[in-house]
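One structure below.
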Amino acid sequence: WGTTWNINPWQFLAYIIPYSFFYLMYSLFRGDKRFVEGSLYSLVNRVLFIGAIILLWRAAAPFSWVLFALSAAVLLATVISFPRLRLLWKKIPFSEQVSSKELLSLGFSLFLMQAGFYLLREVDIIVIPYLVDFAQLGLYSAHSSFANIIRLIAYVFPVVVLPMAVVSSYKLRASLIKISFVLIPFSLLILGASYLFVPLLYGAAYQDAL
């Protein structure tokens, strides 16, 4: 991908280093059960980046500037969170500190959970071009872009429910049952509606393909 997009190592470092600090900040808020506040800073990051994309598009800037804008948005969102992180740091008593072994064990467990989630999300992008032709890939992309709405709810499982169950006596089974009652009918509705809306949004050719 780096060769295809002509991304140099400095562009990669300019993103991965600020993003590591950003995700550390996000994890601290989640660890203190401040899920809404952490999500708000994540929203700030996305809004800044979308705004940068619009400005760079209007200025006809090269794509490399978009990559640096992504890094800048992550960095700014992290800096904005510093005052709240400082207050959070001050209120934590020393009696609640955990050992390095416990921290590494919990961190590695959460890393495996997150890695599995991202692998599940990205594996179709990697595998599908080797299994179908270009026309079928286009049809799949159209439907998957519409079905991505489902992730608005599905994302709650790995990002909110499971971490909360780890750090507290959260009732995981009851939560999974309640979310499933919402997620399953909503997913079926979106999947069914995609056969109606995809041809309207992408053109008659997609109606013929169905």
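The values are calculated or read from the model by the stated rules, or taken from the named source; none is laboratory data. All values derive from a computational prediction rather than experimental measurement. As a convention, Cβ positions derive from the backbone with ideal geometry for all residues, glycine included, and neighbour counts pool all protein chains shown. Side chains are part of the model used for accessible areas, which takes the heavy atoms of the whole protein and leaves out ligands, DNA and RNA. Shrake-Rupley method; radii C 1.70, N 1.55, O 1.52, S 1.80 Å.
For the stretch 102-153, carbon and sulfur atoms together expose 76% of the accessible surface, with a 1.4 angstrom probe and every protein chain in place. The simple spin-label model puts a point 7 Å past each Cα toward its Cβ; for PHE117 and ILE53 those points are separated by 2.1 nm. For the stretch 45-93, the solvent-accessible area of protein heavy atoms averages 72 Å² per residue (probe radius 1.4 Å; ligands and nucleic acids excluded). Leaving out ligands, DNA and RNA, what percent of the accessible area of the stretch 13-73 is carbon and sulfur, probe 1.4 Å? After summing per-atom areas, the C and S share lands at 77 percent.
Subtracting the Cα-Cα distance of LYS33 and PHE68 from 0.36 nm times their residue separation leaves 9.5 nm of extension gain. Between VAL79 and GLU102, residue separation times 0.36 nm minus the direct Cα-Cα distance comes to 5.5 nm. Projected label points at ILE177 and ILE17, each 7 Å from Cα along the beta carbon direction, are separated by 5.1 nanometres. For the pair LEU40 and TYR195, label points projected 7 Å from Cα toward Cβ lie 4.3 nm apart. Checking the a/c ratio against 1.5 first, then a/b against b/c, what shape does the Cα gyration tensor give for the stretch 38-127? Taking the square roots of the gyration eigenvalues as a ≥ b ≥ c, the stretch 38-127 is oblate.
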